[in-house]
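See structure below.
Every read-out reported here was derived from the displayed coordinates using simple, explicitly stated rules and does not represent laboratory data. Given the structure is predicted, the values throughout are model-derived calculations rather than measurements. Here the Cβ positions follow ideal geometry from the backbone for every residue, glycine too, while neighbour counts run over all protein chains shown.
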2 protein chains.
Amino acid sequence: MQEFTIVDSISSYINFDEKIDSEITITGMVQNSRVTGWGGFIIIRTPNNNIQCVLDRNTLNIEPEAIKVEAAIKITGIVKSATIKDISIVPRNIEIHVKTVEILSSPSENPLPVDTTKKELNINLNTNFDKRPLTLRHPRQRAIFRISSTIFNEFGNFLTTNGFTRICSPKIVKTGAEGGANIFKLDYFETNAYLAQSPQFYKQIMIGTFGRVFEEAPVFRAEKHDTSRHLNEYISLDLEMILENGFTDLIQVETKLLKHIFSKLNELCSNELELLGVTVPDIEKIVTIKFDDVHDIIFKEFNKDYRGEKDLAPEEESLICGYAKKNWDTELLFVTHFPTVKRPFYTMDDPDDEGKTLSFDLLFRGMEITTGGQRLNVYDDYLKKMKSFGLNTELFDSYLQSFRYGMPPHGGLGLGLERLTALICGLSNVKEASLFPRDINRLEP
Amino acid sequence: MQEFTIVDSISSYINFDEKIDSEITITGMVQNSRVTGWGGFIIIRTPNNNIQCVLDRNTLNIEPEAIKVEAAIKITGIVKSATIKDISIVPRNIEIHVKTVEILSSPSENPLPVDTTKKELNINLNTNFDKRPLTLRHPRQRAIFRISSTIFNEFGNFLTTNGFTRICSPKIVKTGAEGGANIFKLDYFETNAYLAQSPQFYKQIMIGTFGRVFEEAPVFRAEKHDTSRHLNEYISLDLEMILENGFTDLIQVETKLLKHIFSKLNELCSNELELLGVTVPDIEKIVTIKFDDVHDIIFKEFNKDYRGEKDLAPEEESLICGYAKKNWDTELLFVTHFPTVKRPFYTMDDPDDEGKTLSFDLLFRGMEITTGGQRLNVYDDYLKKMKSFGLNTELFDSYLQSFRYGMPPHGGLGLGLERLTALICGLSNVKEASLFPRDINRLEP
């Protein structure tokens, strides 16, 4: 048996401003190097930084040529003030004058099959995804996933602060929540099971326990089409809550939630946003529009006739977002009252508008990022609606227990993490916002 | 188009101390009711509380008999100071003297098939799981999942604060990370895929990008045995990091991490811990013991001979935890240097101890909750080890890219959320710490 004391700090954050003219030791990987006659520069990639280091051949313990790109190194040196223009360097107000370099591991092969030292990767998506273990080392790729990580964290933080409890619902299920054919089938011992398309049933069940719940977890959709808007596995940010004032409660919560996330991105990811050349909106108000009115505006303003269609076409989403930005000064647009026939059975119909539901989509920068709405909460209403949808209620028996024994008015929404990340980062394909995307043609890496 | 202002507060937290003698309106569900001649009491369950409400038949707008258990209600009343002994009530220093009750929804059936108003559910596990939408409404069940939720949140918060970046790795994979037969097979369009047994390969790949990463997500193990220690789907809390001082860095990080989580549980879940009658340990030091020494102690102290066995038996885990608590005053015991043959191929061997690895398990209250260790980081070492394990390196090509082009010394660990929760809550079966457990016989609810 051995006893150890607990170390003071394990944080990898360094306050460089306090370390000016002091010696520090840091471990990281060589992002880039430029060897010159007198020595040269290397950029060292650490968990939180991308630091410029100056090498002096006369005093350094090794030849600068020995330090390869993507080597893991431990350096000791003096922190000096500096003014650096390259926006891929973080921080830009210091550099390290290196005294010694210890090479911890050197790549077996060099150079890399993709050049991660260039300002832009400039490779096609397939190559990017095939070489993901390497392309993700590029500063711009890294920035995308720091932003994605921050959205995930702040979604949870905001909701926890507001009385929501995190749940973890099963991904292996007996019955799909969203219906349809886009569900993956699984061998489950001697029987079959499916991969959850959404945590819908479970977050509703959990309303009975906690009244306000959220989940951040993968969902699985076996959609056969390979588009720039879809992934077969993605992270769904879900919430469900008791409604005290109807489904507008959800619109209020989502607006405040996004306002919080955007504010945290400005605070925690300012370098990443700058590197990608993008900004997040400043939300000051809520703008909603009814589903039918979108069709009307698109017809009147753009002469495209989707009137009578029961859903929004991607072209409409894009056009109405441009219109809303120009005319209503908003990048977020809540479209409400979608037709009953296009919403799942658990959606509540609008008692004042036959054939319409108390539901909404949130559009952002040309694309739907959220579907939400009020759910049925009375047992008999489920029986009626499921019958009219031709569903066998026996298959949903364990879910329906909740409603049989009492459930409050409630509703919820789901937000696609990769879509939101892609739209914030200005990516044209949602797959670029997935570390290891899955589509009909891709299972690796 | 309609414009709305953003509401001020959407939090469900109420500071009752500031509301004494004030009128408030709250929405929730009826946890329990006791009707008397003069009126009676109801307990109302809200997202954060379980509040005692006093009904006065003379002044109330409805008959107390009309308020059924598990009805959803909105009440208005005056907050009054009180001293309440029932530890399922939160908070216990106030009650609400109700003026009006609005019934939002009433159960279709009553009473519930399980009695959630009793102090203890006292039902067998199968009934508990079959009726999960109802049993989870019991205060003790609810407490377990508030604790579980807090562990999940604080794992992420602690690591984020210390420079770790959250990752989301794919759960549909082409190759299992842990090998063996306990992997679920999936129809993936025209081919086969598997469900990830762990995020191992992906968190290692991401070391190349971020140096410190973590993930909190489901993993899937097709283990056929139905035990009190196993789930077929569970939440794995994973981290991976550059090691600057070898694998003891991991032991330091995990100790600080658990110290943080336990301290947050005391802060945020004191009511839940009290209701369950449990406490969390106060960690003041780290105790480690080598694998071989555990066998020796078990033999010497308990006369059970496991010497020569290449793994720890559950009985040994239990006995050594009792021994460590008594003799070394610790509830956390790191067992290090497991045999090479029992650790996966990516584990680094101890250069100073042939046949042993730089790995550890963390034992807590009689059970293993973590497996961790240093990983190989040199490409050629992977080729050698995989050959000796009889593995076809071509199947791991996309993973091995990382090491071919340079990787720092690194390691990581995985912590089972349900096991940790069960051990904290004093549950005898890990399934009780899963909202909707999955085992060989259970796919519903």
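Of B:G373, A:V54, A:I24, which is farthest on the positive side of the dipole of the protein assembly as shown, counting Cα position, with +1 on Lys and Arg Cβ, -1 on Asp and Glu Cβ, and the Cα centre as origin?
B:G373
Taking A:S106 in one copy and the same position in all the others, each labelled 7 Å out along Cα→Cβ, what are the pairwise distances from the first, in nm, shortest first?
With the label placed 7 Å along Cα→Cβ, A:S106 yields 8.2 nm.
Using only Cα atoms, locate the centre of region B:63-85 and the centre of region B:378-445, then give the distance between them in Å, rounded to an integer.
Answer, in whole Å: 48.
Across peptide A:107-115, what mean number of C-beta atoms from other chains lies inside 10 Å of a residue's C-beta? Walk me through the intermediate numbers first.
Values: counts 7, 10, 5, 3, 1, 4, 3, 1, 0.
What the average comes to for A:107-115 is 4.
So which residue of B has the beta-carbon closest to the axis that swings B onto A, and how many whole Å away?
B:L186, 3
For peptide A:250-257, compute the average count of partner chain beta-carbon atoms within 10 Å of each residue's beta-carbon.
Average neighbour count from other chains, rounded to a whole number: 3.
I'd like to compare B:77-83, A:79-85: which one has the highest average count of other Cβ atoms within 10 Å, and what's the full order after that?
On the way: B:77-83: 15.3, A:79-85: 12.9.
In descending order of packing, they fall as B:77-83, A:79-85.
Count the net charge of all other residues whose Cβ sits under 13 Å from the Cβ of B:E272, scoring Lys and Arg as +1 and Asp and Glu as -1. Please report the intermediate quantities before stating the final value.
Working: positive: B:R140, B:R142, B:R146, B:K264; negative: B:E267, B:E274.
Net of charged neighbours comes to +2.
Which angle between 0 and 90 degrees, to the nearest 10, do you get for helix A:314-328 versus the longest principal axis of chain A when only C-alpha atoms count?
So the helix axis and the longest Cα principal axis differ by about 80 degrees.
Would you tally the net charge around B:R142, using a Cβ to Cβ cut-off of less than 9 Å, leaving B:R142 out, and scoring K and R as +1, D and E as -1? Numbers along the way, then the final one.
Details: positive: B:R45, B:R137, B:R140, B:R146; negative: B:E272.
Taking every Cβ under 9 Å from that of B:R142, the sum is +3.
Classify region B:167-246 as rounded, prolate or oblate from the Cα gyration tensor: take a ≥ b ≥ c as the square roots of its eigenvalues, call it rounded if a/c is under 1.5, otherwise prolate when a/b beats b/c and oblate if not.
Values: a/c = 2.43, a/b = 1.46, b/c = 1.67.
Because a/c hits 1.5 or more and a/b fails to exceed b/c, region B:167-246 counts as oblate.
As I understand it, the value is the acute angle between the Cα axis of helix A:200-210 and the longest principal axis of the Cα atoms of chain A; what does it come to in degrees, rounded to 10?
90 degrees
Looking at this model, which pairs from A:K131/B:K171; A:K259/A:K326; B:K80/B:K118; A:K203/B:K68 are more than 22 angstrom apart at the alpha-carbon?
Working: A:K131/B:K171 19 Å; A:K259/A:K326 20 Å; B:K80/B:K118 26 Å; A:K203/B:K68 24 Å.
Beyond 22 Å: B:K80/B:K118; A:K203/B:K68.
Taking the Cα atoms only, what angle lies between the long axis of helix B:379-388 and the longest principal axis of chain B, rounded to 10 degrees?
Around 90 degrees separate the two axes.
Summing -39500 (n - 2.57) over the DSSP H runs of n ≥ 4 in the protein assembly as shown and dividing by its residue number, what mean residue ellipticity at 222 nm do you reach, to the nearest 500 deg cm²/dmol?
When only DSSP H runs of four or more count, the value is -8500 deg cm²/dmol.
Tell me the relative contact order for chain B as a rounded percent, counting alpha carbon contacts under 8 Å between residues six or more apart.
Computed over chain B, the figure is 13 percent.
Give the separation of the Cα centroids, region A:122-171 to region A:238-276, in Å.
16 Å
Taking a label point 7 Å from Cα toward Cβ, how far is A:N441 from its twins in the other copies, in nm, shortest first?
Values, ascending and in nm: 4.7.
When chain B is treated as a GNM, springs tying every alpha-carbon pair under 10 Å, which of B:G426, B:G180, B:G246 comes out with the largest mean-square fluctuation?
The residue that fluctuates most here is B:G180.
In a shell of Cβ-Cβ distance under 10 Å around A:P113, excluding A:P113 itself, what net charge do Lys and Arg (+1) and Asp and Glu (-1) give?
On the way: positive: A:K131, B:R404; negative: A:E109, A:D115, A:D130.
Summing Lys/Arg as +1 and Asp/Glu as -1 gives -1.
What are the distances, in nm and sorted shortest first, from the label point of A:S22 to the label points of the same position in each other copy, with each label point placed 7 Å from Cα along the Cα-to-Cβ direction?
4.6
Sequence gap at least 6, Cα distance under 8 Å: using those rules, report the relative contact order of region B:2-125 to the nearest whole percent.
Relative contact order for region B:2-125 comes out at 24 percent.
Past the 26 Å Cα-Cα mark, which pairs from A:K174/A:K387; A:K310/B:K74; A:K74/B:K256? If you can, show how the numbers build up before the last one.
Numbers: A:K174/A:K387 20 Å; A:K310/B:K74 36 Å; A:K74/B:K256 24 Å.
As for pairs spanning more than 26 Å Cα to Cα, those are A:K310/B:K74.
What is the Cα coordinate range of region A:139-433 on the first, second and third principal axes, sorted by size from largest, in whole angstrom?
Ordered largest first, region A:139-433 gives principal extents of 53, 46, 38 Å.
Hey, got the average number of other protein chain Cβ atoms within 10 angstrom for residues in B:207-220? Numbers along the way, then the final one.
On the way: counts 4, 8, 15, 11, 10, 6, 3, 1, 0, 6, 6, 8, 1, 4.
The shielding value for this peptide is 6.
Taking θ as phi - 60°, what are the ³J(HN,Hα) couplings along region A:248-256 by the Karplus curve (6.51, -1.76, 1.60), each to the nearest whole Hz, with x for Gly and Pro?
5, 3, 5, 5, 5, 5, 5, 5, 4
Is region B:125-268 best put as rounded, prolate or oblate by its Cα gyration tensor, with a ≥ b ≥ c the root eigenvalues, rounded for a/c under 1.5, and otherwise prolate when a/b is larger than b/c, oblate when not? Let's see the in-between values first.
Working: a/c = 2.12, a/b = 1.05, b/c = 2.03.
Oblate, since a/c reaches 1.5 and b/c is not below a/b.
Need one word for region A:16-105: rounded, prolate or oblate. Basis is the Cα gyration tensor (sqrt eigenvalues a ≥ b ≥ c); a/c below 1.5 gives rounded, then a/b vs b/c decides.
Rounded is the answer for region A:16-105, as its axis ratio a/c remains below 1.5.
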